[in-house]
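Structure first, commentary second.
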Amino acid sequence: MEHRIVGPGPYRATKLWNETVELFRAKMPLRKHRCRFKSYEHCFTAAEAVDWLHELLRRSQNFGPEVTRKQTVQLLKKFLKNHVIEDIKGKWGQEDFEDNGHLYRFPSSSPLKPYPKRPPYRKDVIKFPEWNDPPPGMSQENIPVRPVVMNSEMWFKRHSIAIGEVPACRLVCRRELTEANVEEIWKSMTLSYLQKILGLDSLEEVLDVKLVNSKFIIHNVYSVSKQGVVILDDKSKELPHWVLSAMKCLANWPNCSDLKQPMYSGFEKDVFKTIADYYGHLKEPLLTFHLFDAFVSVLGLLQKEKMAIEAFQICCLLLPPENRRKLQLLMRMMARICLNKEMPPLCDGFGTRTLMVQTFSRCILCSKDEVDLDELLAARLVTFLMDNSQEILKVPLALQTSIEERVAHLRRVQIKYPGADMDITLSAPSFCRQISPEEFEYQRAYGSQEPLAALLEEIITDAKLSSKEKKKKLKQFQKSYPEVYQERFPTPESEALLFPEKPKPKPQLLMWALKNPFQPFQRTRSFRM
């Protein structure tokens with residue numbers, strides 16, 4: 001009687017349903033029972049099924065010990081409706097399951113839930129817009145790769161920039177970043193961040209990316225109060241004032257010494273019932289039908305609490321602002337009620353924490369599909385939300401900072417040097433091709449040497465350069481690529497041949513330049529004296 005851990009990923013709810021059905025059919029004890037003077041083989045009572053399945057769910061790490069007996073009965077009702085089990089007379093579907101001694105059995109076949117068929121998806125990470133991307137509507141398929149051929153002048157310009165000899169430049173502003181561009185960046189980077197946390201090849205099987213509204217994400221990040229609660233632009237979507245007053249009353253429940261608080265017997269139960277009735281009649285759960293699979297997928301990360309909190313933060317940013325606001329206010333009220341020791345019991349037979357989960361789990365998370373474990377999964381989710389609501393319902397600062405830096409980078413100006421893009425010659429289009437390992441090793445060893453050697457020869461044979469300019473370029477080349485330069489000029493003599501020294505004429509001896517041409521003889525004569 002073991003449940004394997006089902007991690008995050010597509011169809012998690014379906015996998016859990018099928019695995020629970022298979023375990024229930026394979027491990028549920030069957031024996032002989034008597035009913036109305038008749039014996040039935042290989043069957044079980046409703047109470048026996050509840051006992052066994054309840055214990056299975058409580059021990060499972062996919063559901064946890066918070067699963068109640070009432071939730072187990074609700075799951076068995078779904079089993080009966082979907083013909084996982086049938087009563088001893090073969091009836092199912094319209095019958096109601098109750099926790100009693102009624103006899104049930106397994107049908108001959110096991111109706112497992114089929115996996116939904118969705119269009120194929122690309123196994124790649126979501127790409128956010130770049131400035132090099134073509135405008136919408138232009139195809140990027142079969143774009144040839146055009147290699148750049150660099151001549152000596154182009155090399156000299158780039159090398160001069162590298163060593164600090166920067167020529168005059170001009171600023172070129174990039175194209176205007178529109179509001180639609182910013183919204184697309186927020187959407188794509190948010191979904192990419194969620195995909196990375198979940199470790200999925202694609203989000204297509206967890207949620208419909210086309211239905212994600214980027215305006216919701218931006219509103220949930222920036223339109224918040226000092227307490228972090230979303231502020232709505234449309235006040236008609238706010239909570240009714242009487243519901244908000246009731247929630248504040250229970251969230252700020254004073255002690256018995258406060259005379260301003262009405263204290264008739266059962267007042268707090270009536271206030272709680274008012275709140276529960278309002279949230280129970282919502283047309284759609286707060287986490288929406290569309291995001292059901294995404295939140296269920298995150299439940300597979302509960303063993304890694306930090307990652308689960310980060311994933312829930314992103315998923316909650318995708319909610320419509322009015323849903324996020326209602327969820328924030330509800331979770332704050334639930335958390336305060338559970339921590340308030342002065343709060344009187346709100347229900348007989350249930351603890352306050354269990355009551356909160358049982359009352360509000362279905363209005364928070366629910367699926368459209370009847371064949372689902374939504375009640376068990378919702379209880380698991382609401383329990384985790386109550387324990388970590390302050391962190392989960394905050395704006396993830398790491399994601400916000402990353403996106404804001406990306407937008408700021410795209411809005412910056414660009415420095416462009418004169419002639420930096422004028423000397424590039426484009427050859428015929430060439431496409432990628434597969435090469436042999438031997439050719440790869442040859443290219444790795446000599447691929448960069450040959451173009452540099454050709455560039456050095458071009459500098460040497462350039463007749464337009466003066467000797468001074470040529471010596472300057474050769475000195476720069478020798479400093480940057482000493483091995484290539486050494487191979488071309490192995491000895492100082494070979495380098496000297498490139499710039500042969502011209503013979504200097506000897507100066508002629510001019511007789512008139514001597515002041516006293518016979519002075520040595522005079523000195524000799526004076527010495528003798």
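The values are calculated or read from the model by the stated rules, or taken from the named source; none is laboratory data. Being a predicted model, the structure only gives us computed values, none of them experimental. FYI the Cβ positions are ideal-geometry reconstructions off the backbone, even for glycines, and counts take in every protein chain you see. Keep in mind that these areas ignore ligands, DNA and RNA; they rest on the heavy atoms of the full protein, side chains included. Shrake-Rupley method; radii C 1.70, N 1.55, O 1.52, S 1.80 Å.
Provide Trp186, Trp92 ordered by accessible surface of protein heavy atoms (probe 1.4 Å), highest first.
Trp92, Trp186
Just to verify a number: what accessible area does Glu469 come out at with the full protein assembly present, 1.4 Å probe, Å² rounded to tens?
100 Å²
Counting only protein heavy atoms, what percent of the accessible surface of segment 181-403 is carbon or sulfur at a 1.4 Å probe? Please list the in-between numbers first.
Values: 5360 of 10270 Å².
With neighbouring chains kept in place, the figure for segment 181-403 is 52 percent.
Out of the chymotrypsin sites (Phe, Trp or Tyr not before Pro) in segment 25-90, which ones are loop residues according to DSSP with at most 10 other C-beta atoms within 10 Å?
Phe37
Subtracting the Cα-Cα distance from 0.36 nm times the residue separation, let me have the gained length for Ser108 to Glu238 in nm, one decimal.
Length difference between fully extended and current span is 41.6 nm.
Amide H to amide H under 5 Å from Val224: which residues, 5+ apart in sequence or cross-chain, H placed 1.01 Å off N in plane?
Long-range HN contacts for Val224: Ile231.
Taking 8 Å as the Cα distance limit and 6 or more residues as the minimum spacing, I'd like the relative contact order of segment 181-403 as a percentage.
It rounds to 29 percent for segment 181-403.
Name the chymotrypsin sites (Phe, Trp or Tyr not before Pro) in segment 276-370 that are in a loop by DSSP and that have at most 13 other C-beta atoms within 10 Å, would you? Before the final figure, lay out each step's value.
Values: sites: Tyr278, Tyr279, Phe289, Phe292, Phe295, Phe312, Phe350, Phe360; in loops: Phe289, Phe350.
Answer in residue order: Phe289.
Could you state how much accessible area Thr288 has, in square angstrom rounded to the nearest 10, with a 1.4 Å probe and all protein chains kept in place?
Counting only protein heavy atoms, Thr288 exposes about 10 Å² to solvent.
At a probe size of 1.4 Å, how large is the accessible area of Arg411, to the nearest 10 Å²?
Per-residue accessible area (Arg411): approximately 150 Å².
Treat every Asp and Glu Cβ in segment 12-105 as -1 and every Lys and Arg Cβ as +1, leave all other atoms uncharged, and give the resulting dipole magnitude about the Cα centre to the nearest 20 debye.
180 debye
Quick check: residue separation of Glu483 and Lys306 times 0.36 nm, minus the Cα distance between them. What number comes out in nm?
58.5 nm
Which value in nm describes the separation of the simple spin-label points at Asp201 and Lys89, placed 7 Å from the Cα toward the beta carbon?
The modelled label-to-label distance comes out at 5.1 nm.
Expressed in nm to one decimal, what extension gain is obtained for the pair Glu439 and Arg59 from 0.36 nm per residue of sequence separation less their Cα-Cα distance?
My answer for the length gained is 130.8 nm.
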